[in-house]
Amino acid sequence: MPPLITFTNATLGYGNHVILRGITFAVEAGEYFGLVGPNGAGKTTIVRAILGSLRPLSGSVKVARPDGLPVRFGYVPQRDTVDYVLPYTAREVVMMGRYRHIGLIRRPGAADREAVSRSIAHVGMEAMADRPFKDLSGGQKQRTLIARALACDPDLLVLDEPTNGMDLASRIAILDLVRELHREGSLTVLLVSHLLDDVANHVHRLAVVEREVFSVGPVDEVLTGENLSAIYNMPVEVQRVHGRTIIITGGGNGSR
Amino acid sequence: MGAADIIRTIVQEFPLALYGSILVGIVCAFLGVYIVARRVVFLGAVLTQVSVMGLALTFLPFFPVPHTVGSLGITLVTVVIISRLLTGKKIPRDGVLGVVFITSIASRILILQKAQRVEVAEIENLLRGDILFVTPELFVLMVVAFVVAMVLHLLFFKEFTYTSFDPETAQTQGFNAAGWDLAFYLIAAVVIAFATHMVGDLFVFGFLVVPPVTAMLLTRNVKAIFILSVVIGALAPIAGLFLAFVIDVPASPAIVAVATVVMGGAWLWSVIPSRRPR
């Protein structure tokens, strides 16, 4: 079966400014794939290329379902990029995920309302569904945005820094939710984060993006102390504790 | 003169001023919800000034087009240029809008200096907001702009709200966010051009901002915000015209003053803890 996402020697950038050069990797349908790297390394540029809002300067980026039809994206943006002026309820925000299905001019019908309720239940937001989105906590907002992405019945769920700025409990809850969604629906998931630990313990394979370096493969192969020390240009240790991957930076002095 | 006489005078002697200001009040209050929500209030001020500058330009001998055509043409061209510049990263949004704003005002002053004396008085009337002498032709144009703007917005309410709320995600779902953005600003430009010509820049800018903000203070339901804003946009001109006759002041400032007083009341209402909108 052909991959859902295929980058072939793709060079990405804006105008004459090259951000990433000669990237080649593929994401299979049903895979849980991670994209990690520090802020400003080019993760968002790769996401834009996948979502079709950025054409490669050279090479190719192909995103298509195995049957050749266009991929339906369930995109979960960074919470800060969503405007909070109007007091949309969480339910109204999730309904926006149905707008493409509904089509121009038509109003949401019973099937759309049912799909929205289903998505809200899926992320455990029933009790908060009629609260204004702007009043929700970071974790609740993130759940709402995930529900909106699910409401469009996506082939590919793309989460851009979903745990940014969250406390530990919320971070774990969101990552567990995403893993659950992936398992249940064999959904293809692309998790983008600058937090190595978040990605390392959830995805099947990942790509590490850092300046001119683009390293891709299974978690155990890419996340080695040697690789990460070279990529981040600092001493990094990778340890497995009770089946979890722990990244220790700064020469193993305990600071993470 | 009693209140009934004043109302009769307004309805009988200045029907176009009354109905025209209600139309402008409604459509500006509706579009204003988007303008406030998109955080582009300054754009509203800029477009009213561009519209006035376009209008002033038609008083010059080398630009012999009807006032409305000049105002509309210049405003539409500006919207297209601004929409391109606003997406660039070299100049901050406020910088782009500030340049257009100050250029419009400076141009208008220069044009006033070169226009003939009688025409200067005419332009100044427009700027002061003398809405009592609306021509039937302009009123018809405003009705057409009103109907087109409201029908398009009601038909494509989903698309305009989604691309305003979260353009990035809307784009990933196949909505041309930049296209809807441009459509919104072109519709706003047409309305602002005609409305500014008809009731003055103060009225138009005031109603792009004050009723939406008032509605946001009173309710936390998105549809109710649109409805309340429109209701305030429809009623404030009636009360403002009445006030203008009673205390003998220019109509536009009186109408905006009424809307502002209502907003003050809404703010007081909103800060009372038990009355705060939930």
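The values are calculated or read from the model by the stated rules, or taken from the named source; none is laboratory data. As the structure is a computational prediction, the values presented were derived from the model and not from experiment. Here the Cβ is made from the backbone with ideal geometry for all residues, glycine too, and neighbour counts use every protein chain on show. Keep in mind that these areas ignore ligands, DNA and RNA; they rest on the heavy atoms of the full protein, side chains included. Shrake-Rupley method; radii C 1.70, N 1.55, O 1.52, S 1.80 Å.
A few comments on the model shown:
- Counting the residues of the range B:166-180 that are surrounded by 20 or more Cβ atoms within 10 Å (Cβ to Cβ) and in contact (Cβ under 8 Å) with a residue 60 or more places away in the chain gives 0.
- Wholly within the range A:19-76, strands (runs of 3 or more DSSP E) carrying at least 3 residues that are within 14 Å of chain B (Cβ to nearest Cβ) and open to solvent by less than 20 Å² (accessible area, probe 1.4 Å): A:73-76
- A single member of B:Gly70, B:Gly32 is open to solvent by less than 10 Å² (accessible area, probe 1.4 Å) and within 14 Å of another protein chain (Cβ to nearest Cβ), and it is B:Gly32.
- Among residues of the range A:65-78 that are within 18 Å of A:Ser53 (Cα to Cα), those with a beta-carbon under 6 Å from a residue that is among the hydroxyl-bearing types (Ser, Thr, Tyr) and open to solvent by 10 Å² or more (accessible area, probe 1.4 Å) at least six positions away or on a different chain give the pairs A:Phe73/B:Thr172; A:Tyr75/B:Thr172.
- When A:Leu150 is tested against (1) in contact with a Lys or Arg (Cβ under 9 Å, 6 or more places away or on another chain); (2) farther than 22 Å from B:Pro167 by Cβ; (3) part of a helix (DSSP H, G or I), just one condition goes unmet, and that condition is (2).
- Yes/no for B:Thr48 being surrounded by fewer than 23 Cβ atoms within 10 Å (Cβ to Cβ) and hydroxyl-bearing (Ser, Thr, Tyr): no
- Screening A:Arg143 on (1) open to solvent by less than 10 Å² (accessible area, probe 1.4 Å); (2) not assigned by TED's automatic domain parsing to the domain that holds A:Val47 shows it passes everything except condition (1).
- Residue match in the range B:181-193 (condition: within 14 Å of chain A (Cβ to nearest Cβ) and open to solvent by 60 Å² or more (accessible area, probe 1.4 Å)): no
- Yes/no for B:Gly20 being open to solvent by less than 30 Å² (accessible area, probe 1.4 Å) and among the small types (Gly, Ala, Ser): yes
- Qualifying position, being buried (at least 19 other Cβ atoms within 10 Å of the Cβ), at positive phi and of a type outside the set (S, T, N, Q), among B:Gly206, B:Gly240, B:Gly200: B:Gly200
- Screening the range B:133-174 for residues that are in contact with a helix residue (DSSP H, G or I) (Cβ under 6 Å, 6 or more places away or on another chain) and of a type in the set (Asp, Glu) and picking the one that is nearest to B:Leu31 (Cα to Cα) gives B:Glu159.
- Any hit, the range A:112-132, residues being within 9 Å of chain B (Cβ to nearest Cβ) and either of a type outside the set (Phe, Trp, Tyr) or surrounded by 15 or more Cβ atoms within 10 Å (Cβ to Cβ) (or both): yes
- Residue in the range A:219-234 that is of a type in the set (Ser, Thr, Tyr), part of a strand (DSSP E or B) and more than 20 Å from A:Val47 (Cα to Cα) present: no
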